[in-house]
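The values are calculated or read from the model by the stated rules, or taken from the named source; none is laboratory data. Just so we're clear, the structure is a prediction, and the values are computed from it rather than from any experiment. No Cβ is skipped: glycine too gets one built from the backbone with ideal geometry, and neighbour counts run over all protein chains shown. Keep in mind that these areas ignore ligands, DNA and RNA; they rest on the heavy atoms of the full protein, side chains included. Shrake-Rupley method; radii C 1.70, N 1.55, O 1.52, S 1.80 Å.
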Amino acid sequence: MYRYILSRILQALVTIVIVSIVVFSLSAFSGNPALLMLGPDASNEDIAAMEKRLGTDKPIPVQYWNWAKHAITGDLGDSIQLKRPVKDLIRERLPNSLQLGAVTFGFSVVIALVLGTVAGVMRGSFVDFIVRFFTNIGHAAPSFWVAIVAISIFAVRFDILPAAGKGGPSTFVLPAVTLGMATIAGMMRLLRSSMIEVLASDYVRVARAKGLEPRVVILRHAIRNALLPLITVAGLLLATIVTGSVIAETIFAWPGIGLLGFRAIQEHDFPVIQGVVLIGAVTIAFANLVVDILYGYIDPRIRLHRSAS
Amino acid sequence: MRVRGKMTKLTKVIVPVMVVGLIVAACGGGGDPTAAPPPPPTPAPTATPAPTATLEPAATTAPVATRAPTATARPVPTPTPPPTPVTGPQGELVMAIPSFGDDLLDPNLASVVGLQPLSGPIYDGLTYLTPGTGPDGGKNAPGIAVSWEASPDASAFTYKIRQGMKFHDGTDVTVEDVAWSAERFADPEAPSNPSLIWRRNVANIEIVDEQTVRFTATRPRPQLPVGIGFRGGTVFPKAALEAQGAEAFFEKPIATGPWKLVERQPGVKYTYEPSGIDHPFRASPAFARLVMRLIPEESTRVALIRTGSAQITDMSPGSVPSVRRSNITILEAPGTAIVAVQFWGARNPELFATVPLGDVRVREALKLAVNRQQIIDVILNGFGELPPRNLITQLRDAWDPTWEPTPYDPERARELLAEAGYSDGFEITYFTTAAAGFPFTQPVIEAVAGFWDAIGVKTKLEQIDTSTHGTLTRERPLPARIVGTVSTQASFQSFSIDLFILLVCFYGSGFCPGISLLPAADAFAGELLREFDPQKRIELSRAIINAGHDAHIDLPIVLTPKLFAVSPDVTGDATRGVTHLGGSLETFRPVSS
């Protein structure tokens with residue numbers, strides 16, 4: 001098991017390093033930070049002096065090495081626009097994204113669990129049709145459209161929820177729904193098909209043959225095993241929620257890393273872009289790692305299979 | 001049994017995550033009080049705006065010229081501020097803005113000084129440009145300085161500082177503070193663009209006496225007073241800034257504006273309160289609190305106005321139909337941006353022989369082919385004007401009322417193409433850039449490409465960001481692929497030709513969008529920079545602009561206003577709203593029901 005965990009950690013580290021190299025290289029090729037800071041009216045001498053000061057006059061591999069050396073210690077450089085350490089900016093905003101992600105994930109799991117189970121159990125029924133209908137909408141509807149429509153209905157027309165900003169519990173509702181739509185749809189679909197498969201298995205048939213009540217069969221025998229595939233994707237979905245919240249955070253003015261990244265891209269703030277992408281890569285790699293380990297822990301067949309092979 | 005054991009572990013994983021999520025939802029984390037709709041501004045009695053009388057300058061270096069009347073009829077309601085009884089400021093004014101810019105209040109760090117929405121409420125300049133579109137608009141007016149004089153050769157400028165002016169902490173503004181602040185702005189280590197420009201233009205700052213400070217330019221520069229007021233005239237208390245250190249000081253800077261900053265949440269919101277000190281040349285705030293909230297998405301900002309969660313926001317013409325369906329007022333600051341086509345190929349002789357745009361008839365044809373009025377009517381919902389020339393608006397001194405816009409004449413355009421040997425048309429690739437805050441740029445550009453397609457010029461649009469565009473256009477000679485760009489540039493609604501030239505081609509690097517690389521225009525620009533007589537400066541400015549027009553080096557498509565959606569319960573002066581209302585939010589007051 002330890003060997004398995006170690007190999008997964010190494011894979012995660014390699015992924016993070018590759019992502020950081022790609023992001024750094026693309027950023028370096030996409031513009032000149034010195035020109036951005038000094039403006040188009042700066043002379044070539046001014047720009048050369050600023051490039052030297054920023055270290056961008058060196059070859060890109062050297063620049064990357066210098067950046068990586070500091071990044072390992074947590075120093076992600078300073079924002080070009082805000083003139084503040086990137087790590088401070090991320091430290092201020094990451095908790096907000098994590099809070100939104102946790103809420104989104106929590107209610108997504110609850111809704112998906114209930115509706116996915118019901119749809120699986122009542123396969124082919126009108127309820128199943130409705131659930132599948134909303135699943136398709138959840139997958140198909142672009143989140144920016146969902147967000148704008150939600151604001152129009154719940155904030156403007158009925159005035160029951162705030163349109164933007166982070167504050168009390170009510171401010172979580174619209175961003176979390178927007179962010180969770182696709183997640184809920186994915187989880188529901190997965191759980192429904194998993195439930196259908198489990199309900200057709202031998203041990204469920206045996207349980208029914210023993211005369212157990214349908215409620216007991218579903219809750220005690222079927223649903224628990226149907227949840228197994230869900231946990232495989234749950235970690236990834238959580239990571240996606242946290243790192244993929246750019247649209248929801250921008251539309252709802254949520255002060256998280258998604259909004260920070262959006263703004264950094266708009267303003268070509270390369271150190272911030274690199275920092276945000278690195279945090280995203282670390283989050284996803286970490287979530288993958290946790291899921292892999294957890295899955296091996298929960299389902300011994302996986303680690304046994306690996307041990308045997 | 002195995003299933004049960006496995007599921008117990010599973011439950012241990014799922015349940016805590018759900019519980020944590022729900023607890024966080026219930027707690028909601030740190031509160032942002034502005035997220036909930038703020039109390040509506042009290043329509044009850046408020047302070048009378050009554051800015052104190054503006055002193056006349058002893059001598060102004062800004063040319064005073066007759067300008068064309070600029071008022072235009074607009075299909076928007078015009079709010080009439082009712083008389084309000086006098087009491088203290090009450091209620092809260094919330095403005096939703098798309099960007100905080102740099103989120104920085106230290107002019108040595110910020111990339112734009114004086115135009116920032118966040119610093120506008122709290123900072124003053126030595127001078128400021130008068131708002132409005134009438135004959136008194138766009139003049140360099142007294143601010144912290146009451147008067148100024150230029151040396152005969154326009155290389156030194158002497159300012160008299162207003163007596164009795166106070167900082168937010170109650171201390172007096174002294175001439176030492178003025179000189180020290182200007183010196184600080186010139187710090188060679190300051191990485192900001194405005195500091196760079198300041199260092200390039202101002203050679204020396206000296207205290208003449210207790211009331212007088214003199215700025216010496218690096219060379220004769222008649223237009224420098226506008227730059228001094230605009231760029232380096234922000235004054236800070238030397239003692240407080242030195243005692244606190246810059247980082248701590250600019251968390252809640254002490255300055256002289258009618259508002260003081262009381263809370264700063266970078267990237268989220270800034271909260272201000274009236275400074276409590278009678279301001280000598282700006283209105284006293286009518287609201288007890290001013291909150292600037294960062295809301296990047298326009299539809300969200302408009303929703304905040306509709307729900308009463310904010311009172312003011314800026315908006316694009318595309319939002320006009322939805323706003324008109326509600327009772328939101330639209331205020332406009334006319335002439336704040338120009339969407340223009342630049343025919344870069346016209347300015348590089350080496351390209352003349354290789355690209356169709358090198359032929360003046362082709363460029364004229366492309367101008368005649370565009371139905372700009374239709375673009376204004378359809379894409380901009382009527383909020384725009386036909387600019388007869390590029391880089392100038394009717395608000396500038398050099399505006400010539402006899403100028404006529406280029407007509408829409410596709411037949412003549414086809415004839416010109418045929419005369420130039422392109423009767424079958426040709427293909428071109430155009431770069432497009434859009435300054436932040438102008439979302440209509442892309443649809444306008446696509447419409448232009450459509451009109452060109454109609455006369456046989458197949459146009460491929462490539463969108464690039466402004467920094468990449470800036471990098472490309474710095475190359476000399478211009479790269480052959482830069483035959484043209486289409487962009488929206490913020491214009492400066494109330495600025496005189498002095499500042500126009502200062503901004504456009506006076507930064508010493510030779511970068512001069514819209515004018516440079518055209519020999520005739522460059523020659524006039526060189527003369528203009530040395531000319532001190534106001535009338536001659538206007539004539540030279542017109543000569544520059546006409547040279548560009550006659551050579552068809554560009555096509556101004558539309559002159560657009562800056563639009564503000566304003567809650568029906570407040571009103572104020574939006575005419576200073578070049579890109580924001582930071583410097584005039586003190587003029588907003590509740591509307592009595």
Cβ-placed point charges (K, R +1; D, E -1), dipole of the range A:1-137 about Cα centre in debye, nearest 20
640
Inter-part gap, Cα centre of the range A:208-234 to Cα centre of the range B:319-333, in whole angstrom, is 56
Could you tell me which of A:I223, A:I196, A:A209 has its Cα farthest along the dipole of the range A:190-235 towards the positive end, charges placed at Cβ (Lys, Arg +1; Asp, Glu -1), taken about the Cα centre?
A:A209
Mind giving me the FRET efficiency for B:E273 and A:Q266? R0 is 41 Å, r the Cβ-Cβ distance, nearest 0.05 is fine.
0.85
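Is the shape of the range A:127-178 best called rounded, prolate or oblate, per the rule: a/c under 1.5 gives rounded, else a/b larger than b/c gives prolate, else oblate, with a ≥ b ≥ c the square roots of the Cα gyration tensor eigenvalues?
On the way: a/c = 2.18, a/b = 2.11, b/c = 1.03.
Prolate.
Let me know the mean shielding of B:88-99 by other chains, meaning the per-residue number of their Cβ atoms within 10 Å of its Cβ. Spell out each step's value before the answer.
Details: counts 0, 0, 0, 0, 0, 0, 0, 0, 4, 0, 2, 3.
Partner-chain Cβ atoms within 10 Å, mean over residues of B:88-99: 1.
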What residues in the range B:264-279 lose 10 Å² or more of accessible surface when the other protein chains are added to their chain alone (1.4 Å probe)?
B:P266, B:G267, B:V268
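Work out the length of the dipole vector of the range A:86-308 about its Cα centre, built from +1 on the beta-carbon of each Lys and Arg and -1 on the beta-carbon of each Asp and Glu, and round it to the nearest 20 debye.
Details: 19 positive and 12 negative charges, 166 e Å.
So the magnitude is around 800 debye.
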For chain A, what is the accessible area per residue in Å² when the probe is 1.4 Å?
48
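Within chain A, what whole-number % of the accessible surface is contributed by carbon and sulfur, with the 1.4 Å probe and all protein chains included in the calculation?
Working: 10100 of 14830 Å².
That fraction is 68 percent.
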Which one, B:V355, B:Q374, B:P387, projects farthest toward the positive side of the charge dipole computed for the range B:352-392 from Cβ point charges (K/R +1, D/E -1)?
B:V355
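Report the accessible surface area buried between chains B and A, summing both sides, using a 1.4 Å probe on protein heavy atoms only, in Å² rounded to the nearest 100. Present the calculation step by step, with values, prior to reporting the outcome.
On the way: alone 24130 and 17280 Å², together 36440 Å².
For B against A, buried area totals roughly 5000 Å².
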For the range A:190-244 the translational diffusion coefficient, Stokes-Einstein from a Kirkwood Rh over Cα pairs at 37 °C and viscosity 0.692 mPa s, in µm²/s, is roughly 269
Using the Karplus curve 6.51 cos²θ - 1.76 cosθ + 1.60 with θ = phi - 60°, what ³J(HN,Hα) values do you get for each residue of the range B:297-311, in whole Hz, with x for Gly and Pro?
8, 5, 5, 5, 5, 5, 4, 5, 5, 5, 8, x, 7, 8, 10
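Provide the net charge surrounding A:F286, with neighbours chosen by a C-beta distance below 14 Å and charges set as Lys +1, Arg +1, Asp -1, Glu -1.
Working: positive: A:R8; negative: A:D292.
Charge balance in the 14 Å sphere: 0.
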Based on the mean of other beta carbon atoms within 10 Å per residue, what is the order of A:137-143, A:185-191, A:263-269, A:89-95, most packed first?
A:185-191, A:263-269, A:89-95, A:137-143
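Evaluate the charge dipole of the range A:174-247 about its Cα centre and quote only its size in Debye, nearest 20, assuming +1 on the Cβ of each Lys and Arg and -1 on the Cβ of each Asp and Glu.
Working: 8 positive and 3 negative charges, 54 e Å.
I would put it at about 260 debye.
Between A:R208 and A:N44, 0.36 nm times their residue separation minus their Cα-Cα distance comes to what? Provide the component values of the computation, followed by the final result.
Working: separation 164, 0.36 × 164 = 59.04 nm, distance 8.13 nm.
Gain on extension, A:R208 to A:N44, equals 50.9 nm.
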Semi-axes of the range A:2-72 from the Cα gyration tensor (sqrt of 5 times each eigenvalue, largest first, whole Å) come to 35, 11, 8
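Heavy atoms only, 1.4 Å probe, whole protein assembly: order A:D46, A:D57 by accessible area, highest first.
Details: A:D46 40, A:D57 80 Å².
These residues rank, largest area first, as A:D57, A:D46.
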Whichever lysines have a C-alpha closer than 23 Å to that of B:K367, once near sequence neighbours (fewer than 8 apart) are set aside
B:K458, B:K460
Modelled label reach - A:I153, point 7 Å along Cα→Cβ, the range B:288-314 residues with backbone N closer than 18 Å
B:300, B:303
Among A:A49, A:L10, A:P61, whose Cα sits farthest toward the positive end of the charge dipole of the range A:2-72 (+1 at Cβ of Lys/Arg, -1 at Cβ of Asp/Glu, about the Cα centre)?
A:L10
Find how many whole Å separate the alpha carbon centroid of the range B:518-563 from the alpha carbon centroid of the range B:139-166.
28
Please list 3J(HN,Hα) in residue order for the range A:109-117, calculated via the Karplus relation 6.51 cos²θ - 1.76 cosθ + 1.60 where θ = phi - 60°; whole Hz, with x for glycine and proline.
4, 4, 5, 5, 4, 5, 6, x, 5
Residues along the range B:176-213 losing 20 Å² or more of accessible surface when the other protein chains are present rather than the chain by itself (probe 1.4 Å):
B:E189, B:P191, B:N193, B:L196, B:R200
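Hey, what's the range B:149-253 come to in accessible area per residue, 1.4 Å probe, Å²? Walk me through the numbers before you get to the answer.
Working: 4150 Å² over 105 residues.
Heavy-atom accessible area per residue stands at 40 Å².
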What part of the accessible area of the range B:173-268, given as a whole %, is carbon or sulfur when the probe is 1.4 angstrom?
47
A student applying the Cα gyration tensor rule (rounded when a/c is under 1.5; otherwise prolate if a/b is larger than b/c, oblate if not) would label the range A:86-308 oblate
Residues of the range A:98-125 losing 30 Å² or more of accessible surface, assembly versus chain alone, probe 1.4 Å, please list them.
A:Q99, A:A102, A:V103, A:F105, A:G106, A:V109, A:V110
